[in-house]
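See structure below.
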Amino acid sequence: MENFSLRFAKIVGTPTGKSGSWVHTFSPTDEQKLSQRGHLLAVIGLDNFTGEGDLAVIGKEIISRLQEEYYGGLINKPFAQLKNAVNKVSQEINEGGDLSLNLGVVIILGNLLYAVMNHGSQLRLFRQGQLQTIFSGEETGSGYLKNEDVLLLGTEEFFRLVNQEIIQSALISSSPEEVVEILAPVIHGQADGSSAAIVSKISPKEKVISTEAPSVVESSVTTEKRSFELGKKLKEKIIALIVSVDDRLKKRLIYLRNNKEKNFRSQKTLFTVALILLVILGVSVFFGMKQRRGSDLTGQAAVLLNQAQAKREEGEALKTLNPVKSQQFLAEAQNLVKEIEALGGQSEDFLKFKEELNRLLVGSLREHELEGQPFFDLELIKAGAEGKDLLLTEEQLIVLDEKQTAVYEIGLTGQKSTILFGGEKIQGAEIITQAGDNLYVLVSEGLLRGGKLPEIKVKKDETWGEIVDIEGFTGSLYLLDSQGEIWKYPAIEGGFGEKQKWLQQKADFSSAVSLAIDGSLWVLTQDGQILKFLQGQKDSFALSGLNKPFFEPRALFTDFDSQNLYVLDKGNARIVVLSKNGEYQAEYHWSELNQAQDLVVIEAEKKIFCLLGNKIYLMEMP
């Protein structure tokens, strides 16, 4: 869907002294920004305004800040940049405390969609005649769009006023302008002015949305009607046709009535009656065939089957755009299937439906059986070698061998290998990391910098508890302490500065096993929790869609270049992939993973490297 047309039409509510709404669309004229950041669609609702000043000015400022934060830099990936932008703007508004913000933002980049919802806003998708809510409330997510998809992005107040039936009927219209023409009267003149919505349609083989300057639609019901006259003429033709048919029907009825009075048993009357009977018979056969699917079931089982079919259809429609919700719908359908089985339902059509549902469920779980391929044997470097910790640098894999007290380097291309350093100085070392251009190993005396002349650069501190893991980021070192601290040693010229408490308050790290940093700090615990910290504070993070809990998780990997989190779930012999908002993405099973010590990932190349004893294995993601 590279050459697509994005058509849209907008609705905003009537302003009041305490509420207002805006719809904003923007496509940058800068080709680089357009290709890397895409098109922005946003709905904004402000309510409960008790402050001084002009509410319209605040609305415009929100739009300006949102656009500035999202398009202001090209370093982060689009989804991360969007979440940061929405969070920052929302936080700025909430700090004022004199109004309520309802914000929904969508980015369309090629055939990719990124969405961030805030305080009740919703994004609904109309695809192939099916209407689905794909994101709502505080949800974020991404997915793939298809040609002829229609998106409806709206504030909480909009969806409170306009019910599902009206929306479903309106979206059958051929253009966003016609949809808005139907929906706008419901919003007009309401007491709460925070209603806003935008209808967008993806169409093929047309020019891309115009890259005009930012447009702001302010309070009062306003629509873009670029195809209004065409729609109006079409409506007039349909109405004329209905009137014409109605007149002919009336004339026909009068004729039949008069004819009946003249000759009750005329051939025309008999023909008409016969025709009516044939129509009734045809309709009966049609509906009988349609309902046959549940005909062999009891009344209650047939009702449950209809419900299960609806859940399956919803789940299938969301399979690519919102996999988590898709899985939830399919699971609900499976529960209904179990209820039908408990009632003794075993019809042929039911069994066929059950088989199709199971196939969809397997696909929705995104479970893959992969076998690791040998990448490198550490004994080719040193006899008796056995890896303890694995590290990914720009072009190499680094392995810490506790048993042979050595650190190895293996090239990602060509697999050229060497011993970097070792000996008694790293006796007992279990953890290695990189900060800046140097490698650091945790030993009993502190943090040892590797090289030809290894030396202690950070002496062990008496306030340290048990250091579970260490990570380097932007030259500084971060130490995960099981006593509830993360110690930061900032990079300075020639070494590191004084120890700092990175956390603003202690956390429970008593069962922590792994640390990863991508700007945020991520901590994995033995009981399967993943904790997220940002700027020294615990940030909200929750897992969703995981079909089986973690069992003896061993390692967590992510980095600045990765969009996902990767968990080595040793007890279940799998690697689980999660988005950075906690949504389950996939899992990869291999029986040997129950022996794995560590993993690193090159996401762009779909490669996972696993350390198992004296060997490194490569797993290639599909």
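None of the figures in this text is laboratory data; all of them are computed from the coordinates on show. Note that the structure is a prediction, hence the values are computed from the model and not measured. No Cβ is skipped: glycine too gets one built from the backbone with ideal geometry, and neighbour counts run over all protein chains shown.
Distance from the C-alpha centroid of region 55-71 to that of region 539-567: 34 Å, rounded to the whole angstrom. The per residue volume of the convex hull around the alpha-carbon atoms of region 4-226 is 107 Å³. Take every DSSP beta bridge whose two residues both sit in region 523-622; close to 95 percent of them are antiparallel. Computed from backbone phi with θ = phi - 60° and the Karplus coefficients 6.51, -1.76 and 1.60, the 3J(HN,Hα) list for region 434-441 is 10, 9, x, 9, 10, 9, 10, 10 Hz; x is used for glycine and proline.
Using Cβ point charges alone (K and R +1, D and E -1), the dipole size of region 145-188 about the Cα centre works out to roughly 100 debye.
Dipole orientation for region 296-365: of the candidates 306, 333, 351, 333 has the Cα lying most toward the positive pole (charges on Cβ; Lys, Arg +1; Asp, Glu -1).
Computed over Cα pairs, the Kirkwood radius of region 296-365 leads via Stokes-Einstein (1.002 mPa s, 20 °C) to a diffusion coefficient of 181 µm² per second. In order along region 88-104, phi translates into HN-Hα couplings of 5, 5, 4, 5, 4, 5, 5, 5, x, x, 10, 6, 10, 9, 10, 9, x Hz, rounded to whole numbers, per the Karplus curve 6.51 cos²θ - 1.76 cosθ + 1.60 with θ = phi - 60° and x for Gly and Pro. Taking a ≥ b ≥ c as the square roots of the eigenvalues of the Cα gyration tensor, region 369-620 is oblate, since a/c reaches 1.5 or more and a/b is not larger than b/c. How high is the FRET efficiency between residue 424 and residue 36 when r is their beta carbon distance and R₀ equals 56 Å, given to the nearest 0.05? Efficiency, from the Cβ-Cβ distance: 0.65.
Among the listed pairs 457/532; 538/580; 388/580; 382/403; 10/311; 311/352, give every one whose C-alpha distance is greater than 19 Å. Over 19 Å Cα-Cα: 457/532; 388/580; 10/311.
For region 42-55, the Karplus equation 6.51 cos²θ - 1.76 cosθ + 1.60, evaluated at θ = phi - 60°, returns couplings of 9, 10, 10, x, 10, 9, 6, 6, 10, x, 9, x, 9, 4 Hz by residue, with Gly and Pro reported as x. In terms of overall dimensions, region 150-194 has a Cα radius of gyration and Dmax of 10.3, 31 angstrom. Cross-link reach is defined here as a Cα-Cα straight distance under 13 Å, omitting same-chain residues fewer than 8 places apart; for residue 460 the aspartates and glutamates meeting it are 445, 481, 498. Counting neighbouring beta carbons within 10 Å and listing from fewest to most, the residues 131, 611 come out as 131, 611. Spatially, region 579-619 and region 371-435 are offset by 17 Å when compared through their Cα centroids.
Shown for 359, 37, 366: other C-beta atoms within 10 Å of each C-beta, ranked fewest to most, produce the order 359, 366, 37.
May I ask for the distance between the Cα centers of region 4-31 and region 457-532, given as a whole number of Å? Distance between centres, Cα-based: 44 Å.
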